[in-house]
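Data block below; observations after.
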Amino acid sequence: MTDISGLAPLTRQITSRTVLRTIIDNSPISRAELARVTGLSKQAMSEIVRDLEVEGWVRETGRTQGGVGRSAVNYELNPRKAFLLGVDVGGTKVHASIADLSGAVIEDRIEPTDTRGGMDLVAQLSSLFVNMTEKSGIDPKQVRMGAIGVPGAVDPKTRRITMMPNIAGMADFDFEGALADRLGFPVVLENDVNVAAKGEQALGDGQDIDNFVFVALGTGVGMGIISERRLIRGSRGAAGEISTLPIGGDPFNSAAFGQGVLEASVGSAAIRSRHAGNGGGDGLTVREIFERNDAATDAVIDEVGRVVAVAIAAIAAVLDPERVIFGGSVGSRAELIGRVEFHLARCMPVPPACVISSLGNRAGILGAIAVAQEAFYQSLFGLTLRWPDAAASRSLEGAA
């Protein structure tokens with residue numbers, strides 16, 4: 001058993017972090033059980049838990065009955081010790097939420113996207129944040145981490161956004177750094193479909209599944225990959241950009257280079273074009289097309305379902321997902337996914353399960369909160385430690 005009396009400040013800080021992480025992973029848990037799991041003495045554990053209580057990191061949460069007449073106090077993370085900002089930035093709207101450390105949403109706001117981008121978008125998100133903290137009564141200094149889902153690839157080395165056609169002023173702009181400077185806490189940029197995949201992993205149809213993909217079908221086409229429970233980004237942050245798969249059209253046709261061959265075949269614009277080409281008439285929205293019970297709509301659904309099935313077969317050959325979760329305005333249509341499943345069964349012997357996201361359009365914002373939560377915990381428990389000053393040597397306050 002380990003005694004913490006006389007430990008160096010950094011060692012004590014690391015020990016406190018270990019105890020806090022054990023509480024997070026195993027709550028509710030008693031001090032006796034914490035001592036057993038960590039190998040610390042009961043006296044040492046009492047000191048650390050007391051410090052964590054005083055600092056507001058943990059709180060009591062009931063008692064566990066032991067032997068006759070005996071009970072032990074249980075502890076859990078205090079979810080309101082710090083708060084998280086999650087933002088899902090789309091081409092037409094911004095969805096922002098503030099959540100506590102458990103992921104529970106405290107304040108929520110949706111408004112049109114400032115498509116001028118750049119510092120104008122930074123100013124919009126900053127204003128949203130101020131409004132949400134004022135309305136909720138949360139001290140802005142208690143918000144310790146943010147995550148922003150954006151409709152473009154994020155280069156993991158430069159942290160700059162690439163391939164973001166819907167919002168101006170974002171190419172070669174340090175959006176992550178500018179936003180962090182304005183808000184006063186770290187933020188993490190992530191591709192919006194990757195963020196939705198994290199939402200599915202945390203709270204949706206990807207829970208307890210090691211390998212799955214989230215496929216977004218709508219105006220655009222994209223995919224988030226969870227492999228061995230880890231998000232796959234690729235060397236340039238473009239893993240999952242399946243709009244460019246050479247399926248559904250001529251991959252050597254340069255006219256499709258900007259949009260991508262697959263997207264040009266199954267995206268919203270392609271669905272409208274297919275419907276008109278099948279005698280369904282012009283000027284209809286995708287929703288109107290799906291709601292029409294006519295031969296042209298049936299033909300379009302079957303054509304698009306067949307192309308998507310071929311794309312899923314190609315994806316399965318490389319990634320071997322257990323499940324394909326569909327989302328987006330087109331991907332959420334049950335009649336389309338039914339045809340995808342029909343054609344998949346004809347083109348591969350053991351197709352992955354296909355489901356429509358149960359989170360719907362909240363997958364992105366819930367995923368942003370999950371990414372912020374993960375980044376915050378990484379700042380506490382990651383390998384890179386911040387050397388504490390004398391005043392913070394016994395406190396976790398300097399850890400994030």
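Rounded to the nearest 20 debye, the dipole size of the chain about its Cα centre is 960 debye, using +1 on the Cβ of Lys and Arg and -1 on the Cβ of Asp and Glu. Taking other C-beta atoms within 10 angstrom as a stand-in for reagent exposure, Glu200, Glu288 fall in the order Glu288, Glu200, fewest first.
By the count of neighbouring beta-carbon atoms within 10 Å, fewest first, Phe173, Phe257 end up ordered Phe257, Phe173. Here the dipole of the stretch 205-358 is about 260 debye; that uses its Cα centre as origin and unit charges on the Cβ of Lys and Arg (positive) and Asp and Glu (negative). Comparing Cα centroids, the stretch 197-218 and the stretch 317-349 end up 14 angstrom apart.
List the residue ranges in the chain for DSSP H helices whose C-alpha atoms run 24 angstrom or more along the long axis and whose Kyte-Doolittle average is 0.5 or above. Could the numbers behind the result be given before it?
On the way: long enough: 9-26 (25 Å, -0.22); 118-136 (27 Å, 0.36); 295-319 (35 Å, 1.70); 363-381 (26 Å, 1.16).
Those that clear 24 Å and a mean of 0.5 are 295-319, 363-381.
Calculated mean residue ellipticity at 222 nm for the chain: -13000 deg cm²/dmol, from DSSP H runs with n ≥ 4 weighted as -39500 (n - 2.57), summed, divided by the residue count and rounded to 500.
In order along the stretch 87-94, the phi-based Karplus estimate (6.51 cos²θ - 1.76 cosθ + 1.60, θ = phi - 60°) of 3J(HN,Hα) comes to 9, 10, 8, x, x, 10, 9, 10 Hz; Gly and Pro are listed as x. Using a cutoff of 8 angstrom between alpha carbon atoms and counting only pairs six or more residues apart, the relative contact order for the chain works out to 16 percent.
The relative contact order of the stretch 205-358 comes to 26 percent, based on Cα pairs under 8 Å that sit 6 or more residues apart.
If r is the Cβ-Cβ distance from Tyr377 to Thr64 and R0 is 30 Å, what FRET efficiency results, to the nearest 0.05?
0.75
Evaluated with a Cβ-only charge set (Lys, Arg +1; Asp, Glu -1), the stretch 9-78 carries a dipole of roughly 200 debye about its Cα centre, given to the nearest 20. The fewest-to-most ranking of Lys157, Lys198, Lys81 by surrounding Cβ atoms within 10 Å reads Lys157, Lys81, Lys198.
A simple packing score, the average count of other Cβ atoms within 10 Å per residue, orders the peptides 130-141, 231-242 as 231-242, 130-141, with the highest score first.
Once Lys and Arg get +1 and Asp and Glu get -1 on their Cβ, which of Ala123, Met45, Ala96 lies farthest toward the positive end of the dipole of the stretch 6-157? Positive-most Cα among the choices belongs to Met45. GNM remark for the chain: springs join alpha carbons under 10 Å apart, and the peak mean-square fluctuation among Glu107, Glu176, Glu55 falls on Glu55.
Length gained on full extension, Val54 to Phe257: 67.2 nm, using 0.36 nm per residue less the C-alpha separation.
Sorted on the mean count of surrounding Cβ atoms within 10 Å across their residues, most packed first, peptides 214-225, 327-338 read 214-225, 327-338.
How large is log10 I(q)/I(0) at q = 0.11 Å⁻¹ when the Debye formula is applied to the Cα atoms of the chain, each weighted equally and without solvent? Log-scaled intensity ratios, in q order: -0.87.
Taking every DSSP bridge with both residues inside the chain, close to 60 percent are antiparallel. When each of the peptides 187-196, 298-307 is scored by how many other beta carbons lie within 10 Å of its residues on average, the order from highest to lowest is 187-196, 298-307.
Laboratory data are not the source of any read-out in this text; all were calculated from the coordinates shown. This one's a predicted model, so the numbers in the text were calculated from it and none came from an experiment. When we count neighbours, we look across all protein chains shown, and the Cβ atoms used for this are built from the backbone with ideal geometry, even at glycine.
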